[in-house]
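Below is one structure, written out as structure tokens; comments come after it.
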Amino acid sequence: MSHEAGGLSPALSSVLERFLSGEVTALARAISIVEDERDGFEDLLHRVLTVGPSTCRVGFTGPPGAGKSTLVAGAAASYREHDERIGVIAVDPTSPYSGGALLGDRIRMNDLTTDPGIFIRSMATRGSLGGLATTTKEVLDLMDAFGFDRVLVETVGVGQTELAITAAADTVIVVLVPESGDAIQAMKAGLMEIADIFVVNKADRPGADRLAKQIRQALHLKAGHALKDIPAHHGVDLSNALRKERTTDAEAVEQGGWSIPVLSTVAHSGEGLPKLLEAVEAHRAWLQASGQLEACRRARARNRVQDVVEREMRRVARRSEFATELLESALDDIAERVETPYSVARRILDGLLR
Amino acid sequence: MSESIRKIRVLVAKPGLDGHDRGAKVIAAAFRDAGFEVIYTGLHQTPEMIVSAAVQEDVDVVAMSVLSGAHLTLFPRVKALLDDAGADHVLLTGGGIISEDDMAALDEQGIGKLFGPGTPTTAAIDYIREWFSTHEAV
């Protein structure tokens, strides 16, 4: 990595110059350069990241077919009504067999395609298992630096443990549908723990109210309010119980916490969308007031430095002739039990780090 | 310095009012299986929508399926918009019910190879790979 002036190749310099003057084709190309990890991509990122982070980063995650793309499209269209410039990153899976991918999230966003205030980019996971692509976080930084007011990120359809979005977004929206499962699913670890906002989408389907209630109850158990407001027998006054739940949530806010809302939407008709966007704003305000936003960004910066160092160390190790030769020559010794993989690794590390 | 993994990105687009997308879906799946990253935009795209998507996605190739007979209008229109948008490096190719005379006429206008009914998907894949190997962008 050379971060001196003039360290970029002529081609990258041209991309950088056009990027900084706001050319969309340059943003698109910069994303490709980062996504492919082409030569000099880290230098390009270094040059671009002199501003920010300033953009509000909102993540949408949830199982396949939950309506993430449609919600993102609806949210983007609403933000456009307020003249905000919106970036969208939509991630779909890469085939483990062919390495190819079919990226189809734009189908739900066709109405937005020709709006010059919206930039949509599809990314394939390329082997990453966390629900995002390996470079989605870097691409977020690029969009941030390009000057979008808001960037919306949609993960691949996830199950329970693909949680990379937590490290990438300021606000995480977990989108579920009535078919997503029962109360025990709602209490499980993983996906259910990362939401800043829950959305039960396709709320016009049977079971939506029940799922929303079960999520609220699970949140109460988590908050240590088990059974306090939730009658254990049948025939209760539901509206009363729900109101009490909200009252309980209010206490958490007074203590400086964030009370996780559970909202209902019908994405294809836009029903419930205004409330969702209000909740995003409220979470944003809370992040800023509580100092969490700053803490998040510091944590993100720490992780990024560690990631880059690790990536570079891995490259150095793989490309080192010393390491390769030592490894190849030691394979016989390992086979004969003279050496073990650990003793060889130790010798390589000692050599590399000396 | 980096271990670059360059993927061929292809926008598979279905312009105009013709609603027959079986061919587009078959070719999109074949491209995926060939290791390409395929952006599929669905039916009823205007040339403006196709070009906007091609620019944002920074694709190497736009592959259009045209079964409506409007290919002599649609291919040149998309080509012109791509050039205007600063994406003249993109290969515009495609397929559909297109006579050989029309293919020759479009070829003269700078449109890439077009494929008629009955073409094996491998022919399009080989053509794109071959093109890509000589046109790789920075």
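Say we look at the stretch A:77-100 and pick out the residues that are in contact with a strand residue (DSSP E or B) (Cβ under 7 Å, 6 or more places away or on another chain) and more than 13 Å from every other protein chain (Cβ to nearest Cβ); which of these is surrounded by the most Cβ atoms within 10 Å (Cβ to Cβ)?
So, considering only residues that are in contact with a strand residue (DSSP E or B) (Cβ under 7 Å, 6 or more places away or on another chain) and more than 13 Å from every other protein chain (Cβ to nearest Cβ), the one surrounded by the most Cβ atoms within 10 Å (Cβ to Cβ) is A:Y79.
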- Item | So A:V280, is it exposed (fewer than 12 other Cβ atoms within 10 Å of the Cβ), closer than 22 Å to A:D170 by Cα and modelled with pLDDT of 90 or more | no
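Filter the stretch A:293-313 for residues that are surrounded by 16 or more Cβ atoms within 10 Å (Cβ to Cβ) and either in contact with a Lys or Arg (Cβ under 7 Å, 6 or more places away or on another chain) or of a type outside the set (A, V, I, L, M) (or both) and give the result.
If we filter the stretch A:293-313 for residues that are surrounded by 16 or more Cβ atoms within 10 Å (Cβ to Cβ), which is where we start, we get A:293, A:296, A:300, A:304.
A:C296, A:R300, A:R304, listed by residue number.
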- Task: Could you tell me whether A:R126 is of a type in the set (K, R), over 17 Å from the mean Cα position of the chain (by Cα) and surrounded by fewer than 22 Cβ atoms within 10 Å (Cβ to Cβ)?
- Result: no
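Looking only at residues in the stretch B:30-52 that are assigned to a helix (DSSP H, G or I) and aliphatic (A, V, I, L, M), which one is nearest to the other protein chains (Cβ to nearest Cβ)?
Step one: filter the stretch B:30-52 for residues assigned to a helix (DSSP H, G or I), giving B:30-33, B:47-52.
Filter once more, keeping what is aliphatic (A, V, I, L, M): B:30, B:49-51.
Values: B:A30: 9, B:M49: 5, B:I50: 9, B:V51: 9 Å.
This residue is B:M49.
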- Task: Can you tell me which residue among A:A11, A:A77, A:A30, A:A101 is among the aliphatic types (A, V, I, L, M) and over 23 Å from B:H89 (Cβ atoms)?
- Result: A:A77
- Message: Considering only residues that are hydrophobic (A, V, I, L, M, F, W, C), at the interface with another protein chain (Cβ under 7 Å from one of its Cβ atoms) and either crowded, with 16+ Cβ neighbours inside 10 Å or in contact (Cβ under 8 Å) with a residue 60 or more places away in the chain (or both), which ones fall in the stretch A:101-115?
- Response: A:A101, A:L102, A:L103
- Message: Looking at the stretch B:87-105, can you tell me whether even one residue there is in contact (Cβ under 8 Å) with a residue 40 or more places away in the chain, touching a Ser or Thr at 6+ places or on another chain (Cβ under 8 Å) and closer than 24 Å to A:R38 by Cβ?
- Response: no
- Inspect the stretch B:53-64 for any residue being more than 7 Å from every other protein chain (Cβ to nearest Cβ), free of Cβ contacts under 8 Å to residues at least 40 places away in the same chain, under 30 Å from A:F146 (Cα atoms) and in a helix (DSSP H, G or I) and give the result as yes or no. no
- Item | Filter result for the condition that a residue is part of a loop (DSSP other than H, G, I, E, B) and facing chain A (nearest Cβ under 9 Å), over B:G69, B:G110, B:G86, B:G118 | B:G86
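The values are calculated or read from the model by the stated rules, or taken from the named source; none is laboratory data. Predicted model only: the values in this text are computed from it and were never measured. A quick note on method: Cβ atoms are made from the backbone with ideal geometry, for glycine too, and the neighbour counts reach across all protein chains shown.
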